[in-house]
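**Student:** Handing you this structure, nothing more for now.
The values are calculated or read from the model by the stated rules, or taken from the named source; none is laboratory data. Because the structure is predicted, anything quoted here is derived from the model rather than measured. Cβ coordinates were reconstructed from backbone atoms using ideal geometry, including for glycine residues, and neighbour counts include every protein chain displayed.
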C-alpha cells in the first residue's frame, strides 16, 4: 500500500504495485522518426508484462497507439489522456480514464505533457521523447516516456523510496514560509 496517495487513489496499490508507462505509441509508424531504436509492440508489451502482473495497477500517461496491445497486460489499467489519444476509442481498454492532469498525492501530479513552472510537486509525465528521465537541475519533473526509460514500466513506490520527493517542499509549507518571511506583504495579497 502506498500510504502517501490520497485516499481515493490508495486502492490502486491495495493488492499490488503501481506502475507508470507513457508514450507506448503501439503500431505508430512515426516511432522510428522519434527514436531509430524504437522497439516493436510485442517486445514492448513483453517488457511491461515482465513487471506488471494481474494484482498490479498500470497507469498509462498517454499516447497509447493501437490499444488492442493492452489486452495482453493483466491488472487494473488507468489512462491519463495524451495528445494523440481519443478517449472514446480507448475507454474500453481502461478501468479509469482521465482527460487531464491528476494530483494523486500532496507532492505527486501525473500528466501526459510536462506542466511548466511547477515547484510544489513531482510532475511525472511523458510526451518528451528526447528528454531526460531525471535531471538534478529540475527535481520537479520525471519523464517516463517509453523510449526515455528503456521501455520499462516504472514502479511508483520505487520513485517515492528513491527520494524523488525529498527536494520538494509541500505547497502548504511554501505558503507558510512566505508568510513568515514577509507577513505584511503576504497579508496584502489575501
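**Student:** At pLDDT below 95 and either in contact with a helix residue (DSSP H, G or I) (Cβ under 8 Å, 6 or more places away or on another chain) or more than 21 Å from residue 127 (Cα to Cα) (or both): does that describe residue 1?
**Tutor:** yes
**Student:** Which residues, taken from segment 98-119, are in contact with a helix residue (DSSP H, G or I) (Cβ under 7 Å, 6 or more places away or on another chain) and crowded, with 18+ Cβ neighbours inside 10 Å?
**Tutor:** Of everything in segment 98-119, just one residue is in contact with a helix residue (DSSP H, G or I) (Cβ under 7 Å, 6 or more places away or on another chain) and crowded, with 18+ Cβ neighbours inside 10 Å, namely 104.
**Student:** OK, next. Identify the single condition in (1) over 17 Å from the mean Cα position of the chain (by Cα); (2) assigned to a loop (DSSP other than H, G, I, E, B); (3) within 18 Å of residue 152 (Cβ to Cβ); (4) modelled with pLDDT of 95 or more that residue 24 does not satisfy, given that it satisfies every other one.
**Tutor:** (1)
**Student:** Same structure again: Taking the conditions exactly as written (surrounded by 13 or more Cβ atoms within 10 Å (Cβ to Cβ), without any contact (Cβ under 8 Å) to a residue 24 or more places away in the chain and at negative phi), does residue 86 satisfy them or not?
**Tutor:** When the stated conditions are applied, residue 86 does not pass them.
Residue-wise test of (1) modelled with pLDDT under 95; (2) in a helix (DSSP H, G or I); (3) touching a helix residue (DSSP H, G or I) at 6+ places or on another chain (Cβ under 8 Å); (4) within 15 Å of residue 12 (Cβ to Cβ).
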{"residue": "33", "(1), (2), (3), (4)": "yes, yes, no, no"}
{"residue": "37", "(1), (2), (3), (4)": "yes, no, no, no"}
{"residue": "45", "(1), (2), (3), (4)": "no, yes, yes, no"}
{"residue": "48", "(1), (2), (3), (4)": "no, yes, no, no"}
{"residue": "55", "(1), (2), (3), (4)": "no, no, no, yes"}
{"residue": "58", "(1), (2), (3), (4)": "no, no, yes, yes"}
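**Student:** May I pose another question? So residue 147 ticks every box in (1) more than 19 Å from residue 169 (Cα to Cα); (2) free of Cβ contacts under 8 Å to residues at least 24 places away in the same chain; (3) crowded, with 18+ Cβ neighbours inside 10 Å but one. Which box is left unticked?
**Tutor:** Answer for residue 147: the failing condition is (2).
**Student:** I'm checking my understanding of the structure. Among residues of segment 91-139 that are over 26 Å from residue 56 (Cα atoms) and not in a loop (DSSP other than H, G, I, E, B), which one is modelled with the highest pLDDT?
**Tutor:** Per the stated criteria, the residue is 138.
**Student:** Follow-up. Can you tell me which residue among 54, 32, 10 is closer than 23 Å to residue 142 by Cβ and free of Cβ contacts under 8 Å to residues at least 40 places away in the same chain?
**Tutor:** Sole residue among the options that is closer than 23 Å to residue 142 by Cβ and free of Cβ contacts under 8 Å to residues at least 40 places away in the same chain: 10.
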